[in-house]
Amino acid sequence: MTDLHQRTALEIGALIAKGEVTPVECAEHFLARAEALDPQVGAFTTLDPERALAEAAALPEPGPGQGPLFGVPMAFKDMESVAGQRVTLGSAAFADLIGPVDSPIVETLRRAGVVSLGKTTTPELGLVCYTEPEVAPPARTPWDVTRSASGSSGGAAAAVAAGIVPWAQGADGAGSVRTPASACGLVGIKPSRGRISTGSGGGDAIGFSVYGPLARTVADAAAALDAMCGPQPGDTDWAPPAETSFLAACRAPRARLRVARYTTPPNGAPVDQACIDAVDRATALLIDAGHEVDEIACPFPEALTEHFVVVWTTAAAAVGIPPELEDELRPITRWFRAQGREVDGARAMEALAAVRILARAAVEATASFDVVLTPTLAQVPRLVGELRNDDDPAAEVAAMLAYTPFTGPYNASGQPAISVPVHWDSDGLPVGVQLVGRPYDEATLLGVAQQLEALVGWPRRHPPVW
């Protein structure tokens, strides 16, 4: 079947379930796409055709009880350990590291019957918002391959947007699923804290990072979220069980909702007109769909950014890296770790507490609204290399904070958030908007996102490399 990449993940899963195509045939099709297109978009650190075909061939025959993504190709982010496969963490220091075991999210998705084509590109330790590692080519948005796919799940987004996989696994600690979704014209979900298990001993100590899917459609992202969800022993955060599947929730009719919108970020960074235009377009569509939209002030104060940077750097310093490998790290990574080591324990705890307190106040300030609407990014996708500044890491951090000021606050609050591509600028670059829900209310977000998808029709748009 030559048009599999034109199908959604759910459509491919349905074809497999009916026996009209096999998982092996699907894997072969998408591996051919990867061979043809990955040199242009830099989606993969490790492409593993032999293993992918073996996994596909080893799946049982489709039958009752198997999920809608059974046999559908996807890819894991190169921060995840897959037993026997290279896991570089985006770093030359770990270029030859082989995963000893499957990480918890890999185990979970294996049970759903996914077939992984390999590992998608990520920046070193997933620390920055562009994906230009030393161990692989930079990840580029397929809409303009001179521009970055953002990060840290940049390779995952590039792979999905180029039609190399129907969906991919990402992780989001300060926007790392949502900002690549915006740069690549995709749907990217950051679920509520505790919705997807990080496993015993997994995840980050501060609790900001969560797993999430990237897909071309809301329904595909919802089905992937269903496959990823569920608690495991040892989890530090537990989200209450959802009332229904997320796939069902995105298809349910929506009542009239109260939506708040703002376009000035906590740090006061300037916002590109295209990003404001995207929010304006989403506002008009939501009003036409019967919802109420009110302008509000940003609920997060400027002080949040300073405290967030302290947490960011101390978390980087806490990553266990053998001293003999420190010199192999990128300048920005060494800068983060050096800054973090200068922070004493009391200041680190003070910063984390301040971020949590300010985030809680923001949740309370918007509690009367069902959804909050913002730009996803403050700027259109940056040129490859534009944000990197090896000679002045402090200036690089300032540039990144100006680029991604809207997403990190909602990692602090733990609320669910989704980026959807409602707008393309005059140069044909996708521009996403961020929808944020009440704590643990992914269902409402998915329903609203599905309404916007029906009105905009973004799955019908394809980038030039398609």
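One table, with the values for the structure above:
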| item | result |
| --- | --- |
| Computed lengthening from R251 to A32, 0.36 nm per intervening residue step minus Cα-Cα distance | 75.6 nm |
| Label-point separation, A318 to A54 (7 Å along Cα→Cβ), nm | 3.7 |
| Per residue accessible area of the chain, 1.4 Å probe, in Å² | 36 |
| Mean-position separation - Cα centroids, the range 1-39 and the range 92-158, in angstrom | 21 |
| Rough spin-label spacing in nm, given labels placed 7 Å along Cα→Cβ, for E107 and A92 | 3.5 |
| Beta bridge orientation in the chain: antiparallel %, DSSP, nearest 5 | 70 |
| Of the trypsin sites (Lys or Arg not before Pro) in the range 1-42, those whose Cβ has at most 15 other Cβ within 10 Å and which sit in DSSP loop | K18 |
| Simple label model, 7 Å out from Cα along Cβ direction - L383 to R334, nm | 2.7 |
| FRET efficiency estimate (nearest 0.05) - Cβ-Cβ, D391 to A297, R0 45 angstrom | 0.75 |
| Of the DSSP H helices in the chain, those whose Cα atoms cover at least 18 Å axially and whose Kyte score averages 1.0 or more | 303-317 |
| Nearest-20 debye value, the range 124-233 charge dipole, Cβ charges on Lys, Arg, Asp, Glu | 260 |
| Only Lys, Arg (+1) and Asp, Glu (-1) charged, at Cβ; the chain dipole about Cα centre in debye | 920 |
| Signed unit charges on C-beta, dipole axis of the chain, positive-most listed residue A227, L125, P166 | A227 |
| Calculated FRET value between E326 and Q273, using beta carbons and R₀ = 60 Å, to 0.05 | 0.90 |
| With every protein chain in place, the chain: carbon and sulfur % of accessible area (1.4 Å) | 54 |
| Convex hull volume per residue for the range 22-132, taking Cα atoms only, in Å³ | 107 |
| Length gained when the stretch L455-A14 is fully extended (0.36 nm per residue, less Cα-Cα span) | 156.3 nm |
| Spatially proximal lysines relative to K77 (Cα-Cα < 28 Å; intrachain offsets below 8 disregarded) | K119, K190 |
| Share of pairwise Cα separations in the range 399-466, more than 14 Å, in percent | 66 |
| Percent breakdown of C-alpha pair distances by 10 Å bin, ordered from the shortest bin, for the chain | 5, 23, 35, 27, 10, 1, 0 |
| Residue (of A52, T2, V448) at the positive-pole extreme of the chain, dipole from beta-carbon charges | V448 |
| Extreme residue, positive dipole direction of the range 72-117, given options V114, M79, A92 (C-beta unit charges) | V114 |
| Extension reserve of the E350-E243 stretch, reckoned as 0.36 nm per residue once the Cα distance is removed | 34.9 nm |
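The values are calculated or read from the model by the stated rules, or taken from the named source; none is laboratory data. Just so it is clear, the structure is predicted and the values come from calculations on it, not from any experiment. Glycine gets a Cβ as well: all are built from the backbone with ideal geometry, and neighbour counts include every protein chain shown. We work out accessible area using only protein heavy atoms, side chains counted, and drop any ligands, DNA or RNA first. Shrake-Rupley method; radii C 1.70, N 1.55, O 1.52, S 1.80 Å.
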